[in-house]
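Structure, as structure tokens:
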């Protein structure tokens, strides 16, 4: 089971990297326009940039979990739910950033990715073989 978690978490990390590149390429087509999405400091544009960069950031979190979980030997009872939690965070953070850039009321859903990553961190620490 440990090798399957490591393999899956690396795959999720690399998918995050790919989606970060693709989303950056798409939004990069419009960055030259000063007024795009309300201008550089607009809420919509900031949330779009945050969604793009969160693919990379949470991809790295998944890499770090795969490495530390494997090397340190996080207990399997915590490792699997932690992996699921990190995956939820990696999938939903960019989603809610982009949705919130589109419609502000989606900001109320940010607790989902934050909770996912937070639970993943807590479970990793609880399962750590101190």
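Using a cutoff of 8 angstrom between alpha carbon atoms and counting only pairs six or more residues apart, the relative contact order for the chain works out to 31 percent.
Express in whole angstrom the spacing between the alpha-carbon centres of the stretch 79-97 and the stretch 1-54. Using only Cα atoms to place each centre, the spacing works out to 15 Å. The long axis of helix 111-127 is offset from the longest Cα principal axis of the chain by roughly 20 degrees. With respect to the chain, whose longest principal axis is taken over its alpha-carbon atoms, helix 76-102 is tilted by about 0°.
Take every Cα pair under 8 Å in the stretch 6-62 that's 6+ residues apart, average their separations, divide by the length, and report that relative contact order as a whole percent. RCO, the stretch 6-62: 57 percent. Helix 2-28 sits at what angle to the longest principal axis of the chain, using alpha carbons and giving 0 to 90 degrees rounded to 10? Tilt of helix 2-28: around 10 degrees.
Values quoted throughout were computed directly from the atomic coordinates according to the rules given, and no laboratory measurement underlies them. What you see is a predicted model, and the numbers here were worked out from it, not measured in a lab.
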